[in-house]
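The values are calculated or read from the model by the stated rules, or taken from the named source; none is laboratory data. Small disclaimer: the values here were computed from a predicted structure and weren't measured. A quick note on method: Cβ atoms are made from the backbone with ideal geometry, for glycine too, and the neighbour counts reach across all protein chains shown. The accessibility values were calculated without ligands, DNA or RNA, using every heavy atom of the protein model including side chains. Shrake-Rupley method; radii C 1.70, N 1.55, O 1.52, S 1.80 Å.
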Amino acid sequence: MCWEASDAVDPLVTIRIATYDRGPMLVERAIASAIRQTHRNIEILVIGDGATPETMAAVAQVTDPRVRFVNLPRTSYPRNAERRWKVIGHAPMNAALRLARGSWIAPLDDDDECTDDRVEALLSAAIERRLEFVYGKTAILQLDGGWKELGSWPPGHGKFTQGAALYSTRLAFMRYDARSWLDGLPADWNLWRRMIRAGVRMGYVDRIVYRYFPARHNPTTEE
């Protein structure tokens with residue numbers, strides 16, 4: 001995969017958020033953290049998975065012109081709870097790969113948040129080290145209100161979250177697999193494993209760039 005000089009000139013980064021029914025949390029936590037990014041040249045691409053009217057109304061209240069919302073028909077998911085959890089959101093996440101205008105993709109879940117310098121820190125490392133994929137640490141909220149750090153090198157299953165990653169849209173042809181449960185992996189880790197096996201140039205930044213709020217902290221009608 002060829003590296004071009006243009007990659008180093010204030011690139012547009014697409015922060016991708018797939019959503020269904022989290023409405024206020026999506027706006028107040030996820031989108032708000034995207035808007036606060038110190039790297040200003042971003043688009044915030046919100047893809048609804050048959051989003052509820054309440055979620056659509058919440059996004060409509062956001063006035064930042066960098067926010068773009070596309071709502072898809074609701075995806076059909078497996079009835080089995082574990083299989084469903086492994087692949088939920090694959091359709092809007094794949095749609096975002098097609099619709100992204102940026103030269104870099106930064107995944108963000110609709111109930112989590114980025115640190116303010118998440119994009120800047122990862123993008124700087126990617127450009128300086130000529131990487132195609134870079135990730136940092138995640139702070140995970142614990143039941144007692146404390147935080148646990150996750151993130152280490154080399155990349156592997158369970159060593160980073162998708163929200164701590166940034167990668168080139170030249171890799172957008174590699175999509176989330178709706179049947180990743182056959183490998184016993186969530187769709188994101190199935191995708192990262194394929195990237196690792198394909199020889200994608202990866203790197204690590206030893207700093208927290210993402211805050212993850214497990215579902216038990218997030219009241220919602222659907223996990």
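For the condition closer than 28 Å to R201 by Cα and open to solvent by 30 Å² or more (accessible area, probe 1.4 Å), I88 qualifies. Only residues that are under 26 Å from P214 (Cβ atoms), touching a helix residue (DSSP H, G or I) at 6+ places or on another chain (Cβ under 8 Å) and open to solvent by 10 Å² or more (accessible area, probe 1.4 Å) were counted in the stretch 8-41, giving 6. Contact map, the stretch 185-208: first residue closer than 27 Å to D117 by Cα, second residue aromatic (F, W, Y) and not in a helix (DSSP H, G or I), Cβ cut-off under 6 Å, separation 6 or more or different chains; pairs are A187/Y176; L191/Y176; V200/F133; M202/F133; Y204/W153.
When restricted to residues that are open to solvent by 80 Å² or more (accessible area, probe 1.4 Å) and at pLDDT 95 or above, the stretch 63-78 contains 4.
Which one of these is at pLDDT 95 or above, open to solvent by 40 Å² or more (accessible area, probe 1.4 Å), out of contact with any Ser or Thr (no Cβ under 8 Å at 6 or more places or on another chain) and in a loop (DSSP other than H, G, I, E, B): S124, S152? It is S152. So, T138, is that one open to solvent by less than 50 Å² (accessible area, probe 1.4 Å) and modelled with pLDDT under 95 or not? Considered against the rule, which asks whether it is open to solvent by less than 50 Å² (accessible area, probe 1.4 Å) and modelled with pLDDT under 95, T138 comes out as no.
Only one of the numbered conditions (1) open to solvent by less than 50 Å² (accessible area, probe 1.4 Å); (2) at positive phi is not met by R130, and that is (1). If the condition is being over 17 Å from the mean Cα position of the chain (by Cα) and crowded, with 17+ Cβ neighbours inside 10 Å, then the stretch 186-198 contributes no residue at all. Here A51 meets each of (1) open to solvent by 30 Å² or more (accessible area, probe 1.4 Å); (2) closer than 21 Å to I15 by Cβ; (3) in a loop (DSSP other than H, G, I, E, B) with one exception, condition (1). Exactly one residue out of G163, G145 is under 25 Å from P24 (Cβ atoms) and in a loop (DSSP other than H, G, I, E, B): that is G145. For the stretch 161-184, taking the residues that are in contact with a helix residue (DSSP H, G or I) (Cβ under 7 Å, 6 or more places away or on another chain) and among the hydrophobic types (A, V, I, L, M, F, W, C), the one that is surrounded by the most Cβ atoms within 10 Å (Cβ to Cβ) is identified as L166.
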